[in-house]
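What follows draws every value from the coordinates through simple rules; no lab data is involved. Just so it is clear, the structure is predicted and the values come from calculations on it, not from any experiment. We place every Cβ from the backbone using ideal geometry, glycine too, and count neighbours over all the protein chains shown.
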Amino acid sequence: MTTLGASGYIRSRVPLDGELLDTTREVLVLKMIMKIDFSYNESVPVKSVVGRTWLRLSAGMLALALLTGCSGAEEPKGDGNGPLYAITTQLLAGDPVDSYVVVTGQAEQTASLSLDNAIRVSGRALGVGIPKSGALYVVSDASATVTRYTLSGAGALEPTGTVSFDSLGVTSLGEYQANFQFVSETKAYFFDGATAQVVIWNPEEMTVTGNIPLDELDLPDTVVAFSGAAIQLENQLLMPVGWRPVSGVGITPKAGVVSIDTATDVATIATDDRCGYTHDAAVGADGKVYIATEAYGAAVRRVVGEDAPAPCLLRFDPQTRAFDSSFYRTLEELVGGGTAGTLIPGPEGLAYVRVLDETIAPVLEGTHPRTIASGTGWQWWELSLDTMTATHKASFPATSGSVFLFESQNRTLYTEFGAGAASTTLHVLEENGKPTVTTEGLSFSFLQLR
């Protein structure tokens, strides 16, 4: 079986409201998001591990300092044996920034979740793990500590252990849910762009067992960013990679895929210079993996023109662990023109491409590409990966180009983010965007616990 990420289909990006940010609160939110997904006239070190002195608490003390509030989560609604989900949401406008973990049975029903009894976490947090395992691993960009929570018989989360990755130079565990990949109950990976390595750890014993250096990804004057669309195949894990300049607006003309043999922990890196910021991936019926430029890369092309590589679709062969040099399509040609980016996995053999509709979201002079990518004017197009034909899905409402995909018990859900990063609403992908649950803040991670 082919899965995407650690909790089914996961498309993790950093979304914003599509309006121009013209208030102090909105600018604060944009600056917080910049720290994770892009640099805006700031120098961000790609890899700086040696020569620093850090004042550290023990893993246990740090976990207590970061994870405060109730020891359990909101009392789940629904029957005692039904599905339960952990939704982790980030309140970026707060000072300081806090996140909350909510346990709920309402992911597929229309509902509004309260944070009153949720677990509070300092910083920008994620909740990751193996679906339906009853365990949730909570991390934050405020430290290198992973805290495990276990679902009790009463449906509450209780802390049951911690592990820190700081011995390997890791200082932050934010970014995307897909940075954490679970191979089994005793083996998981964490992809860290800042130190260009993969941390190998044991989720059952809560210990670090090794690492995989990825020094080849460390390009001069660039920031490496791992994808939110990792793909797990039999004994193989594929992680797409993109690069962007340390400062300014742009993307680096290079695509990459890290392929890990999960039996031996040996990594192979393949690169291709025909396009860039290829963060999206979908598996075709032919068994090949299709890699595409995401919406931010398309928005950069819209702003700077030919100074940025054209958003494209490449084909990667998991058997040879190499890009197919004979295959190349621009996303623009696939949809008949326009600004196109993002490849979202659909039903078998199908995927969705997003196309910017400037009659809904005009691009004004001086607009930052991140604002364009996260705006609400992106239409849905269904792409057959077999015939390479695309059809406009007019029944789907135009939403942001950058989205997350989550798997619930019976549905594939996607995110819609409210104005000013104030809320997240989940929608059903295959029911023309029917809305389900809404929560405060930005929900960057979702896991079915039971």
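Figure legend: label point modelled 7 angstrom from the Cα of residue 432 along Cα→Cβ; residues of region 366-394 with amide N under 13 Å from it are 393-394.
Assuming charge only on the beta carbon of Lys and Arg (+1) and of Asp and Glu (-1), the dipole of region 118-239 about its Cα centre is about 520 debye to the nearest 20. Here the Karplus curve 6.51 cos²θ - 1.76 cosθ + 1.60, taken at θ = phi - 60°, turns the phi angles of region 309-321 into couplings of x, 5, x, 9, 10, 10, 10, 10, 9, x, 6, 8, 6 Hz, with x standing for Gly and Pro. For the peptides 396-404, 152-160, 372-380, residues were scored by their other Cβ atoms within 10 Å and the scores averaged per peptide; the highest-first order is 372-380, 396-404, 152-160. For residue 92, the amide hydrogen comes within under 5 Å of the amide hydrogens of 442, counting only partners 5 or more places away or on other chains and with H modelled in the peptide plane.
Summary value for region 329-405: 29 percent relative contact order, contacts being C-alpha pairs under 8 angstrom separated by 6+ residues.
Treat every Asp and Glu Cβ in region 280-398 as -1 and every Lys and Arg Cβ as +1, leave all other atoms uncharged, and give the resulting dipole magnitude about the Cα centre to the nearest 20 debye. Display every interim value, and only then the final one.
Working: 9 positive and 15 negative charges, 37 e Å.
Dipole about the Cα centre, nearest 20: 180 debye.
Residues whose amide H lies under 5 Å from that of residue 246, counting only those 5 or more places away or on a different chain, are 222, 223; hydrogens are built 1.01 Å from N in the peptide plane.
Compute the convex hull volume of the Cα atoms of region 217-342, divide it by the residue count, and report the result per residue in Å³ as a whole number.
Numbers: hull volume 12.6 nm³, N = 126.
Per residue, the Cα convex hull of region 217-342 comes to 100 Å³.
Take 168-176, 246-254, 142-150 and order them by the average number of nearby Cβ atoms within 10 Å per residue, most first; the result is 142-150, 168-176, 246-254.
In straight-distance terms, cross-link reach from residue 434 covers every one of the aspartates and glutamates whose alpha-carbon lies under 17 Å from its own, apart from those fewer than eight places away in the same chain; here that gives 108, 407, 416.
Distances between placed amide hydrogens fall under 5 Å for residue 211 paired with 200, all partners being 5 or more residues away or on another chain. Each Lys and Arg adds +1 at its Cβ and each Asp and Glu adds -1 at its Cβ; summed about the Cα centre, region 215-312 shows a dipole of about 400 debye. What the pair-distance distribution of region 231-295 shows, using all Cα-Cα distances binned every 10 Å from zero, is 21, 47, 26, 6, 0 percent. Which of rounded, prolate, oblate describes region 379-424, given a ≥ b ≥ c as roots of the alpha-carbon gyration tensor eigenvalues and a/c under 1.5 marking rounded, otherwise prolate only if a/b is larger than b/c? Taking the square roots of the gyration eigenvalues as a ≥ b ≥ c, region 379-424 is oblate. Seen through its C-alpha gyration tensor, with square-root eigenvalues sorted a ≥ b ≥ c, region 76-176 comes out oblate because a/c lies at 1.5 or above while a/b is not bigger than b/c. Shape analysis of region 174-267 yields a ratio of the Cα radius of gyration to the Kirkwood radius, Rg/Rh, of 0.98.
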